[in-house]
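Working notes, beginning with the structure itself.
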């Protein structure tokens, strides 16, 4: 394996989490058997699901908040709010850092 290649288990985890986070209709279910074949434990799969859902839900919430704020403010105010948005990384419900 070349240094730039990722192990198939990593690719499977990335694919799985991306599909969950993006609300893909398949939800990454096609990756479950592959991940188990690679020895990824159920606890690890559960953690990936938690982090992916956290990103998905956070993105939806922030988009909704930004939309609501834009409806109530001027364009100049919206730019200022963007600058003051705060941390780009928040922990999941169980306190796992996703950064």
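The values are calculated or read from the model by the stated rules, or taken from the named source; none is laboratory data. All values reported here derive from a predicted model rather than from experimental measurement. Ideal geometry is used to build each Cβ from the backbone, glycine not excepted, and the neighbour counts take in all protein chains shown.
Overview of results
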read-out	value
Qualifying positions in the range 12-29 - exposed (fewer than 14 other Cβ atoms within 10 Å of the Cβ) and at positive phi	23
Number of positions in the range 30-51 that are more than 16 Å from the chain's Cα centre (by Cα), surrounded by fewer than 12 Cβ atoms within 10 Å (Cβ to Cβ) and outside any loop (DSSP other than H, G, I, E, B)	4
Complete set of residues in the range 1-30 that are at pLDDT 85 or above and over 23 Å from residue 59 (Cβ atoms)	5, 6, 7, 8, 9
